[in-house]
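Just so you know, all these numbers are worked out from the coordinates, no wet-lab data involved. Bear in mind that the values here come from a model prediction, so they are computed numbers and not experimental data. Positions of Cβ are generated from backbone atoms using ideal geometry, with glycine treated the same way; all protein chains shown enter the neighbour counts.
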Amino acid sequence: SNQGGNNNNINPVNPAFKAKRKALRRYFRSGDKFDHLYVARNNNNKDEKLKKSGYKFEGIEGHLLHKSIGGAVPLYRFYNKQDHFYTTDKDEANGQPKKKKNLFQKAASAIGSFFGWNKKKPQPYKSEGITGYCFENKVEGATDQAELVALRRYKNKANGDHFYTTNENEIGTS
């Protein structure tokens, strides 16, 4: 008999499917400070503060876990005074390696700076902490993968705003 040991014939349910979750609430601000903001919480008690900052609640995009459980990883939030950026890779926001410039590029950059031709670079992103915890891939032991939906990231090249959605039909690309 197998007393107190693991029964290899039983596939354990990932504890994350029973864990406490929080809603990922989506807000939008239009005008000069165009931005999408995603906040993970189960109540709307801070909506008035966000309204005063120009944000309008658009709906619940999905759910995140409160803590890392069952292989969930942090979803980090960054901000650069014009855009909120979310990623599971904390080095991604500002971690793009700088390419070395050749002599011609260095000269062109110096001339451009002298005449004011160089475009203003965007502000670097600063960490605003962990929004919640999510899965980067399908989860082993999941009995219902339908509960796990992809959060897709898009960037508006015209204004630099990042937009996140679980609905692939929302931006009209599918």
Amide hydrogen neighbours beyond the local backbone of Val73, cut-off 5 Å, H modeled: Cys134, Phe135, Glu136
task: Mind giving me the nanometre distance, one decimal, between the label points for Thr166 and Val73, set 7 Å out from Cα along Cα→Cβ?
output: 2.0 nm
query: Modelled label-to-label distance, Lys90 and Glu48, 7 Å Cα→beta-carbon offset: nm?
result: 3.5 nm
Long-range HN-HN contacts of Glu128 with modeled amide H, under 5 Å: Arg77, Phe78, Tyr79
task: Starting from the Cα-Cα distance between Ser127 and Gln82, subtract it from 0.36 nm times their residue separation and give me the gain in nm to one decimal.
output: 14.8 nm
statement: Counting only residues 5 or more apart in sequence or on a different chain, those whose built amide H sits under 5 Å from that of Thr87 are Tyr76
task: Stick to Cα atoms and the Kirkwood definition of Rh, then tell me Rg/Rh for the range 21-80.
output: 1.01
